[in-house]
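Here's a structure for you.
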Amino acid sequence: MTAAAGSPHRPVLLAEVLAVLAPRAGKRYVDATFGAGGYSRALLEAADCAVIGIDRDPTALALGAELARRFPERLTLIEGRFGDLAELLAGRGIGTVDGVVFDLGVSSMHLDTPERGFSFRFNAPLDMRMGADGPTAADLLNTLPEIELARILFEFGEERRARRVAAAIVTARQQAPIQTTGQLASLVRSVVPAAHDGIDPATRTFQALRVAVNEEDEELRRGLLAAERVLNPGGRLAVVAFHSLEDRVIKDFMRRRAGLIPGPSRHQPGPAAAGRRQPTFQLLGRRPVTAGEDELSANPRARSAKLRAAERTSAPPAMGHGPETEVP
Ligand SMILES: C[S@@+](CC[C@H](N)C(=O)[O-])C[C@H]1O[C@@H](n2cnc3c(N)ncnc32)[C@H](O)[C@@H]1O
């Protein structure tokens, strides 16, 4: 793999995340999306604490080896999915922690490395996998039924012309498999008109495919449930999201667990039973934190970032201890 073509990943809302986690000596924090290690480094420098950095991308963790050498006793790097957070920690003999942070989505290293296939700025094979295994974007595009493609584009990309794009994909792949970012982007542009805001019509399709390839919706739900299980009372949860689909899930999870939404989730008992449960989180702030002017001018990627945070109460986790996958 060639080196990332662009600048290294700049951590987003770093000061705000640190303020939420408020690291203290002797405590343990999980950076569930290690990436370029921006949050982990800041936590380790702020207090004599321990950090467990998790990433599903072995390339990100390999780059973190230098930081691990600098903090040999205090930084542990684990390759895996944060949906398996509790199991990954248990594998290292760790039961509970004092803070968990998620900084969702892809890193600049993903977007700026052409052969990862995340960006239509480069013509490259349609891969889009954050990890090292599973089907690629090309695999999904060339095998899924049209109706499933349309669902993915509509649900994960909020593409209003999902059916038209799915139909064009199926017509094109009958001639020859769709293999490259350039092929897909031109195909979408041929059926979705350019918007007045200047956003490329292929943007929503690329986002949708990335979410589907990496099962990001399911990972987020499982990650939030796992954080609830592993956080000590008083431990803090910080989540940075970059699109409205994710932010909705996080907001709903936190408000529900804080007892602010009375209704049950789809696999839970009725409203009366749900209402009796003790809140497992207390919200830290009613509104999400967004980037200030200084950060926005230095880092355009911060434009859509929203940080939500909550503090764990002493109530037992709302769900059992199995690998739940239900809507939080
Ligand atoms: C936005 S970057 C994190 C950047 C990091 N905060 C920093 O300051 O460098 C997100 C990272 O999370 C990883 N990631 C995304 N989904 C994941 C998942 N379900 N499990 C583990 N890692 C994941 C990606 O591979 C990527 O490296």
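A short reminder: the numbers here are calculations on the coordinates, not readings from a lab. No experiment lies behind these values; they were computed from the predicted model shown. Cβ sites come from the backbone with ideal geometry, for glycine too, and all protein chains shown count toward neighbours.
Once all Cα-Cα distances of segment 100-258 are split into 10 Å bins that start at 0, what whole-number percent is in each one?
Here the calculated profile for segment 100-258 is 10, 37, 32, 15, 5, 0.
While we're here: Cα axis of helix 203-213 to longest principal axis of the chain: angle in degrees, 0 to 90, nearest 10?
60
Okay, next question. May I ask for the net charge around Gly80, where only other residues with Cβ less than 9 Å from the Cβ of Gly80 are counted and Lys, Arg are +1 while Asp, Glu are -1?
Values: positive: Arg56, Arg81; negative: Asp55, Glu79, Asp84, Glu87.
Around Gly80, the surrounding residues sum to -2.
Have a look at Ala212, Ala291, Ala32 and tell me which one the Gaussian network model of the chain (Cα, springs below 10 Å) gives the largest fluctuation.
Ala291
Which values, in whole Å and largest first, are the semi-axes of the equivalent ellipsoid of segment 166-267 obtained as the square root of 5 times each eigenvalue of the Cα gyration tensor? Let's see the in-between values first.
Details: eigenvalues 281, 47, 32 Å².
So the equivalent ellipsoid measures 37, 15, 13 Å along its semi-axes.
Please identify, among Asp197, Asp84, Asp247, the residue showing maximal mean-square fluctuation in a Gaussian network model of the chain using a 10 angstrom Cα cutoff.
Asp197
In whole angstrom, how far apart do the alpha carbon centroids of segment 147-179 and segment 71-135 sit?
Using only Cα atoms, the two centres lie 27 Å from each other.
Working from the alpha-carbon coordinates of segment 86-188, get Rg over Rh, Rh being the Kirkwood radius.
1.10
Right, here's the next one. Is it possible to state the helix-based mean residue ellipticity at 222 nm for the chain, with each DSSP H run of 4+ residues giving -39500 (n - 2.57), the sum divided by total residues, to the nearest 500 deg cm²/dmol? What is it? Each step should come with its number before you reach the end.
On the way: 15 runs with 137 residues, N = 328.
That calculation yields -12000 deg cm²/dmol at 222 nm.
Could you compute Rg(Cα) / (2.2 N^0.38 Å) for segment 30-136, with N its residue count?
Details: Rg = 14.6 Å, N = 107, 2.2 N^0.38 = 13.0 Å.
Relative to the 2.2 N^0.38 Å estimate, segment 30-136 comes out at 1.12.
Shifting gears a bit: Could you run the Debye sum over the Cα atoms of the chain, one equal point scatterer each and no solvent, and tell me log10 of I(q)/I(0) at q = 0.13 Å⁻¹, two decimals?
-1.01
In nanometres, what is the gap between the two model label sites at Arg24 and Thr143, each 7 Å from Cα along Cα-to-Cβ?
In this crude spin-label approximation the distance works out to 5.0 nm.
A follow-up question, please. Cut-off 10 angstrom, C-alpha nodes, Gaussian network model of the chain. Which of Pro135, Pro72, Pro201 fluctuates the most?
Ranking Pro135, Pro72, Pro201 by mean-square fluctuation puts Pro72 first.
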